[in-house]
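Chemist: After the structure tokens below, expect a handful of questions from me.
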Amino acid sequence: MFSNSNYIDSVDHAFIFIVAISFILLVFITGLMIYFVIKYSRKNNPKAENIHGNLKLEIFWTVVPVFLVMGMFYFGWVGYADLQNPPPESMKVKVVGQMWKWYFDYENGVRTDTLFVPINKPVKVEVTSIDVNHSFFVPAFRFKKDAIPNRINTAWFKPEELGSFDVACAEYCGLKHAYMYTEVVVMTEADFLAKMESELAKKNIPAPTEVKTDK
């Protein structure tokens, strides 16, 4: 079964883990609250009693949350570390956010307002902004990187399915924030090279013979 990008499994597993733990805690804590409300109600316990500490219980509710939080941290750290280390053969694209649009600069001099990438080729993105904070978000890829003025944020992804996928801005950036959409178009390498050739012809720049990588 194909996935849209290399992050699908890791992000989805982390999400399911966190939601499952949250659901279990919700049911457990709600159940305890109902139990104590009934057990220690005035009807069942007309006379108040002092409650003394329980060392085992205190150790339990300290140690268990620590392990749960560390598990969540582990999933997040592994995903972040992978995101920050693009393979040496990655194709480099500069992603620029501007109120209220995106544009993409390739190393061969091409600039587009849609991100075109070849399938199964790692893509290193250098994300920035020329005005206010934006966030480059591809929901189908489980991929997001902030676009901040005067700063370059790098990350990478590998598209694994042909097609067009929405790109949104995930950081409120002004009046037309909700309209700041474009697409990632994943193509075969032959189609990608043909697209680059077409774009270069418009600028009278010699066309590449292969996908350029960031070596």
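Chemist: Apply the a/c threshold of 1.5 to the C-alpha gyration tensor of the range 8-83 and tell me whether it is rounded, prolate or oblate.
Modeler: Note, shape of the range 8-83 comes out oblate.
Chemist: Using all C-alpha to C-alpha distances in the range 91-203, build P(r) with 5 Å bins and read off the rounded percent in each one.
Modeler: P(r) over the range 91-203, rounded to whole percents: 2, 13, 23, 27, 18, 12, 5, 0.
Chemist: Enter the angle in degrees (range 0 to 90, nearest 10) between the Cα long axis of helix 8-39 and the first principal axis of the Cα atoms of the chain, meaning the one along which they spread out most.
Modeler: 20 degrees
Chemist: Among the aspartates and glutamates, which have Cα under 16 Å from the Cα of LYS203 when same-chain residues fewer than 8 positions away are ignored?
Modeler: Output for LYS203: ASP105, GLU107, ASP113.
Chemist: Quick check on packing: order 158-167, 136-145 by the mean number of other C-beta atoms within 10 Å, highest mean leading.
Modeler: The most tightly packed comes first, giving 136-145, 158-167.
Chemist: Any idea what the dipole of the chain comes to, in debye rounded to 20, about its Cα centre with Lys/Arg Cβ at +1 and Asp/Glu Cβ at -1?
Modeler: Charge dipole, the chain, about its Cα centre: 900 debye, nearest 20.
Chemist: Determine which lysines satisfy two conditions relative to LYS158: a Cα distance under 25 Å, and not lying fewer than 8 residues away in the same chain.
Modeler: Straight-distance partners of LYS158: LYS92, LYS94, LYS101, LYS121, LYS124, LYS144, LYS145, LYS195, LYS212, LYS215.
Chemist: For the chain, what are the per-bin percents of Cα-Cα distances with bins 5 Å wide, up to the bin holding the maximum?
Modeler: 1, 6, 11, 14, 14, 12, 9, 6, 5, 5, 5, 4, 3, 2, 1, 1, 1, 0, 0
Chemist: If I fit a long axis through the Cα atoms of helix 55-83 and take the longest principal axis of the Cα atoms of the chain, what angle between them do I get, 0 to 90°, rounded to 10?
Modeler: 0 degrees
Chemist: If you take the charge dipole of the range 1-101 about its Cα centre, with +1 on Lys and Arg Cβ and -1 on Asp and Glu Cβ, which of VAL63, PHE15, ASN45 is farthest toward its positive end?
Modeler: About the Cα centre, the residue reaching furthest to the positive side is ASN45.
Chemist: Sticking with this one: Going by average Cβ density within 10 Å per residue, which order do the peptides 34-40, 94-100 take, highest to lowest?
Modeler: 94-100, 34-40
Each reported figure results from applying straightforward, stated rules to the coordinates on display, with no laboratory input. Because the structure is predicted, anything quoted here is derived from the model rather than measured. Positions of Cβ are backbone-derived with ideal geometry, glycine not excepted, and every protein chain shown enters the neighbour counts.
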